[in-house]
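Written out below as structure tokens is the structure these notes cover.
The values are calculated or read from the model by the stated rules, or taken from the named source; none is laboratory data. If you're wondering where the values come from, they're calculated on a predicted model, not measured in any experiment. Here the Cβ positions follow ideal geometry from the backbone for every residue, glycine too, while neighbour counts run over all protein chains shown.
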Amino acid sequence: MIICGSGLFGLTIACEYTRYFGKKVLVIEKRKHPGGNSWSEFDSQTSIEIHKYGSHLFHTSNEKVWKFINQYSQFTPYQHKVIAKTNSGFFNIPINLMTLSRFFGRQFSPSEAEAFLETIKSPILSPVNFEEAAVSQIGEDLYTTFFKGYTKKQWQTDPKQLSADIFKRIPIRLNFDERYFSDVYQGLPKEGYCQLIENMLAHKDIHLALEVDFNSIKESVSANQLIVYTGPIDQYFDYRFGQLGWRTLDFEIETLDVEDYQGNSVINYVEAEVPFTRIHEFKHLHPEREYAKGKTIIMREYSRFAGREDEPYYPIASSANRTILRKYRDAITHLPNVFFGGRLGSFQYLDMHMAIASALTMFSNEIIPAAEKLRHEGI
């Protein structure tokens, strides 16, 4: 099997294929390192683990996924908590009772908070965009403070042009739960994502080739070759039906001569006038580790539309993109031995646990039958 891309989706397939069939897998990766956006590196000066593509937090309620990933790393417990910096101070995100109490300067019980939100909601019964969905749930003041500027920066789009479903996925809590995720299993690889990735690649039948672009070898690959493709789906077809739209991220990393810069792993900067969306401070992800005294590392994150040469991070779910995607998915049906998956191959945002779950399902439901079919045909 050839697997294009060494992110968690592709590596999960590689591990399962070698385990099930006992055959070799070639994993090709265009970057200089494996692991996709999950890759991390330890800074030699401070011993801080830097998540090269933004903080990656592992969380899942899927026991099968949790058991799978624990084969390759022990995990340290970690509950992710996010702070929002506004012009008037710092607040918990997602919005909870503490956020509401501090913002409005009064104490709320859960029932009092629920009744209060009813009085400030805008009476929009069928919201059609992000802004309408927000004000219909939390009112104008909370929306303007926490979401309007931040959403515009993050999506580079007026919130009135975004789907209402985006806001509906954001929890509003009427308790003091500060956790960003509510999954059953939450943690971080004890020895780092870099070691987790290396452990997944350690099988003798998994071979990794770095700095190899699949497009450079595609024409020489047999039509009977099993391929898992996790690159951009439109790129595989040479943009035949058009280019799909993505947002990309830019990062600025800085080492500072302070013990602690912001007191939390991630702080969202929700003010519209601040050019970046958030700052990561990685030492807070692993407080149990030993670090160099008097130093820390931060990463500022910026969001913008992706050009063809940029790394795509978040798919833009516009009607135009959905039309283009349908054409590519129709074309896939004519490629019985090529399987498209992962964030780029499926054109959908996948958290790490979702990528693993998707890969496990594809392997059982699609790849095993395809491989067995080729074997029975003597190919």
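Annotations
- Yes/no for I166 being in a loop (DSSP other than H, G, I, E, B), in contact (Cβ under 8 Å) with a residue 24 or more places away in the chain, crowded, with 16+ Cβ neighbours inside 10 Å and hydrophobic (A, V, I, L, M, F, W, C): no
- Selected residue [part of a helix (DSSP H, G or I), of a type in the set (A, V, I, L, M) and modelled with pLDDT under 95] from A331, A371, A359, A355: A371
- Hits in segment 1-24 - residues which are buried (at least 24 other Cβ atoms within 10 Å of the Cβ) and in a strand (DSSP E or B): I3, C4
Yes/no per residue for (1) at pLDDT below 95; (2) outside the structural domain of V338 (by TED's automatic domain parsing); (3) small (G, A, S):
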position: L174; (1), (2), (3): no, yes, no
position: L196; (1), (2), (3): no, yes, no
position: I206; (1), (2), (3): no, no, no
position: L210; (1), (2), (3): no, no, no
position: V221; (1), (2), (3): yes, no, no
position: E252; (1), (2), (3): no, yes, no
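Rundown of residues vs (1) within 23 Å of the chain's Cα centre (by Cα); (2) polar (S, T, N, Q), yes/no style:
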| site | (1), (2) |
| --- | --- |
| A202 | no, no |
| I206 | no, no |
| Q225 | no, yes |
| V228 | yes, no |
| G231 | yes, no |
| Q235 | yes, yes |
| Y239 | no, no |
| T248 | yes, yes |
| L256 | no, no |
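- Any helices (runs of 4 or more DSSP H) falling wholly within segment 41-130 and containing at least 3 residues that are touching a Phe, Trp or Tyr at 6+ places or on another chain (Cβ under 7 Å) and not basic (K, R): 97-104
- Residues of segment 323-356 that turn out to be more than 20 Å from the chain's Cα centre (by Cα) and either among the basic types (K, R) or outside the structural domain of K373 (by TED's automatic domain parsing) (or both), as a count: 3
- When residues in segment 321-344 are screened for being of a type in the set (G, A, S), on the phi < 0 side of the Ramachandran plot and crowded, with 16+ Cβ neighbours inside 10 Å, 1 of them pass.
- Against the test of being in a strand (DSSP E or B), among the aliphatic types (A, V, I, L, M) and over 24 Å from A115 (Cα atoms), the options L188, L196 yield a single qualifying residue, L188.
- Test result for I95, farther than 30 Å from T12 by Cβ, buried (at least 17 other Cβ atoms within 10 Å of the Cβ) and under 25 Å from the mean Cα position of the chain (by Cα): yes
- Beta carbons closer than 7 Å, at least 6 apart along the sequence or on distinct chains, pair a first residue in segment 342-359 that is under 18 Å from Y180 (Cα atoms) with a second that is surrounded by 20 or more Cβ atoms within 10 Å (Cβ to Cβ) and among the hydrophobic types (A, V, I, L, M, F, W, C) for M352/L8; M352/F58; H353/F58; H353/V65.
- Checking S40, S73, S44, S88 one by one, the residue that is surrounded by fewer than 21 Cβ atoms within 10 Å (Cβ to Cβ) and closer than 18 Å to R289 by Cβ is S44 and no other.
- Top-ranked residue of segment 279-306 - restricted to ones that are closer than 29 Å to Y150 by Cα and out of contact with any strand residue (DSSP E or B) (no Cβ under 8 Å at 6 or more places or on another chain), ranked as surrounded by the most Cβ atoms within 10 Å (Cβ to Cβ): H284
- Members of segment 281-313 found to be out of contact with any helix residue (DSSP H, G or I) (no Cβ under 7 Å at 6 or more places or on another chain) and under 15 Å from D234 (Cα atoms), listed by number: A306, G307, R308, E309, D310, E311, Y313
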